[in-house]
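Undergrad: Have a look at this one before I ask anything.
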Amino acid sequence: TGTAPRTRPAAEDIAAAQQLLKSAKRPVLVAGSGAVSSRAADALLNLAKRIGAPVFTTPGGRGAIAEDSPYSLGQ
């Protein structure tokens, strides 16, 4: 089994997501298996801290954020 190719979103999609997060009253981040396989735990935690958002993990996303983190909503 090979690894799936990684894609990158278009710059305008990133900018649109950034604006949505900035305007959100109560943002929540959802981390799935991609956050784990991409080793994005540090970036995820930094984003959560930066915008003050809790992180919910799917079963595949367990480990993307420490379950005892104040930002973790668990699974």
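Undergrad: For region 54-69, does any single residue satisfy the condition of being touching a Phe, Trp or Tyr at 6+ places or on another chain (Cβ under 6 Å) and at pLDDT below 95?
TA: No, region 54-69 contains no residue that is touching a Phe, Trp or Tyr at 6+ places or on another chain (Cβ under 6 Å) and at pLDDT below 95.
Undergrad: Hey, another quick one. Quick one: what pairs do we get from region 51-75, first residue in contact (Cβ under 8 Å) with a residue 40 or more places away in the chain, second of a type outside the set (Val, Ile, Thr) and not in a loop (DSSP other than H, G, I, E, B), C-beta under 6 Å, 6+ apart or different chains?
TA: Leu73/Phe56
Undergrad: May I pose another question? Report the residue count in region 44-58 for those that are in a strand (DSSP E or B) and open to solvent by 50 Å² or more (accessible area, probe 1.4 Å).
TA: 1
Undergrad: Among the residues of region 9-22, is there at least one that is modelled with pLDDT under 90 and not in a helix (DSSP H, G or I)?
TA: Scanning region 9-22, I find at least one residue that is modelled with pLDDT under 90 and not in a helix (DSSP H, G or I), so the answer is yes.
Undergrad: Find all pairs meeting these conditions: Cβ atoms under 7 angstrom apart; at least six residues apart or on different chains; first residue within region 16-35 and open to solvent by 90 Å² or more (accessible area, probe 1.4 Å); second residue not polar (S, T, N, Q).
TA: These pairs meet every condition: Val30/Phe56.
The values are calculated or read from the model by the stated rules, or taken from the named source; none is laboratory data. Just so it is clear, the model here is predicted, and its values are computed rather than measured. Here Cβ is always computed from backbone atoms with ideal geometry, including for glycine, and neighbour counts include all displayed protein chains. Only protein heavy atoms, including side chains, enter the accessible area calculation; ligands, DNA and RNA are left aside. Shrake-Rupley method; radii C 1.70, N 1.55, O 1.52, S 1.80 Å.
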